[in-house]
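Take a look at the structure set out below.
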Amino acid sequence: MPADQIASRPSGGQSAVLAVPAARPLTDAGMDAVRAQFPALSREHDGRSYVYLDGPGGTQVPRGTIDAMVGYLARFNANHEGAFPTSEESDAMLAEVHAAAADYLGAADAGEIVFGQNMTTLTFALSRAVGRTLKHGDEVVVTRLDHDANVAPWLALQEERGVRVRWVGVHEEDCTLDMDGLERALGPRTRLVAVGLASNAVGTLNPVPRIVEMAHAAGALTYVDAVHAAPHVPLDVASLGTDFLVCSPYKFFGPHLGLLYGRRDVLEGLDAYKVRPATSELPGKWETGTPPGESLAGLLATFGYLEWLGATFGPGGSGGGSGAATTRRARLRAAMGVIGATERGLARRALTALGGVPGLRLRGMVDPNRLAERVPTFAFTLAGHSPREVATELGRRGIAVWDGDYYAYELIRALRLAESGGMVRVGFVHYNTAAEIDRLVEALAEITGRSSAVKGEA
Ligand SMILES: Cc1ncc(COP(=O)(O)O)c(C=O)c1O
């Protein structure tokens, strides 16, 4: 195995990776109010509620988001920059959703916000533009903990531009990044470091502020994949210090879209692939073709949902706390505080409960004292059952989970799990409940119990 693939010892001990606003978890009444916002959560399966543990693949959306999408199509569906009311209304909404996303990410201005089809498509576009500036022998750094959407676009530059790709491995014991390996990978030719904020397989939060510092000290740009982190932690491009950050609204309670932040001077300095009449102003220069109006209207309503969550259950809200959030950014951050506090309770319970299932092996951080270094996404194998078998059995019981590699292509291979079907992944978001964890664990016990009974009979 290459030395950069699995490092020998865990880095351990890095404290909370990101500053999370203090908040209380949702109470039972708060959880009921939250769940009531999501129509999909009332779906049933064989007379029991359906359990969505597939959040890492895409979350459910609040009613307001659905209504806003329908409302857009019903009332002001129009292409942009027309001289008539529906186009003007649509353009006003587009400006507002850029401003809201800037508040969500802590960007300096709405011009730094670029929407696209999804994170992968945005990253291919951006990496092609960065590639135009690179010379033979320049280097980019990628990691074995990342989703392939933050790896493959940079790998392609090897062939296209003669760029050298340097890899950062992971510590097998706890699935943290090998920071010493990162240090070694950086050098005078490093032009860009691509890294994830959270692993979509095992939930590790990477120390991105430090990684950005190290990359900048080497004179490199940073491209942070925050897709998996976004539903769990507050995002703040200023305190992360990153040049780029990407996420996907469909993973944080919005419609299917991609969202990219780029520092103004960097976005302005790069050449975009665009049609000749397209504007060279930000963000239009990077937003190719006609914008998906209904999805963006939906996203604006998703931000509205998060503001409601923060205003109601964060500090000063009617659901508890002691000082109202007065700006959109403050309400959005307050929401992430509530989400974080709620999820920590779920993560603790899930770790204990999954740890008690016979034959179940969790990968990644399993120490309940390190919850600040992870998000509540857990990947495991179950002895005697392929991940697909487990996912299918859970699916039959109305519990949606993923199996396979979920495009955490390098990690699953580094852990030598590709041949055996990867791992089962369960992901919790703030609308999941303790009762759902109990349902999951009961179902897993049934699956393992049934197999021991069958073995016993044999
Ligand atoms: C961490 C991470 N990065 C990138 C992606 C790709 O996102 P998109 O589907 O928006 O292209 C995903 C999707 O699962 C992801 O989990």
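Every read-out reported here was derived from the displayed coordinates using simple, explicitly stated rules and does not represent laboratory data. What you are looking at is a predicted structure, and each value in this text was computed from that prediction instead of being measured. Note that each Cβ is placed from the backbone with ideal geometry, even for glycine, and that neighbours are counted across all protein chains shown.
List of remarks:
- In this Cβ point-charge picture (+1 for Lys and Arg, -1 for Asp and Glu), the range 65-301 has a dipole of about 720 debye about its Cα centre.
- For the range 402-407, Karplus couplings with θ = phi - 60° (6.51, -1.76, 1.60), whole Hz, Gly/Pro x: 9, 9, x, 10, 6, 6
- For MET423, distant residues with modelled amide H under 5 Å away: GLY404
- MRE, 222 nm, helices only [DSSP H, n ≥ 4, -39500 (n - 2.57), over the chain, to nearest 500]: -12500 deg cm²/dmol
- Aspartates and glutamates with Cα under 16 Å of LYS274, excluding same-chain neighbours fewer than 8 positions away: GLU287
- Scaled to the globular estimate 2.2 N^0.38 Å, the Cα spread of the range 327-428, given as radius of gyration, is 1.22.
- Each residue of the range 143-159 was assigned a 3J(HN,Hα) from its phi angle through the Karplus curve 6.51 cos²θ - 1.76 cosθ + 1.60 (θ = phi - 60°); the sequence is 10, 8, 9, 7, 4, 5, 5, 10, 10, 4, x, 7, 4, 4, 6, 4, 6 Hz, with glycine and proline shown as x.
- Full extension of the segment from ALA418 to HIS136, taken as 0.36 nm per residue of separation minus the current Cα-Cα distance, would add 98.2 nm.
- Selection of GluC sites (Glu not before Pro), the range 348-426, meeting DSSP coil and at most 13 other Cβ within 10 Å: GLU419
- Maximal additional length on extending the TYR50-THR327 stretch stands at 96.1 nm, based on 0.36 nm per residue less the C-alpha distance.
- Taking other C-beta atoms within 10 Å as the exposure proxy, VAL390, VAL266, VAL168 rank VAL266, VAL390, VAL168 from fewest upward.
- When the Cα convex hull of the range 65-301 is projected onto planes of every orientation, the mean area is 12.6 nm².
- Chain lengthening between LEU155 and PHE124 when straightened (0.36 nm per residue, less Cα-Cα): 10.1 nm
- Relative pair counts by distance (%), Cα atoms of the range 47-123, 5 Å bins: 3, 12, 13, 19, 22, 15, 8, 4, 3, 1, 0
- Each DSSP beta bridge with both residues in the chain is either parallel or antiparallel, and the antiparallel ones are about 55%.
- For the range 65-301, with +1 on Lys and Arg beta carbons and -1 on Asp and Glu, the positive-most of THR133, VAL97, ALA238 along the dipole: THR133
- At the listed q of 0.13 Å⁻¹, the Debye profile of the chain, built from one uniform point per Cα, gives log10 I(q)/I(0) equal to -1.22.
- Spatial separation of Cα centroids for the range 34-97 and the range 127-158, in angstrom: 34 Å
- Beta bridges per DSSP, both residues in the range 65-301: antiparallel share near 40 percent.
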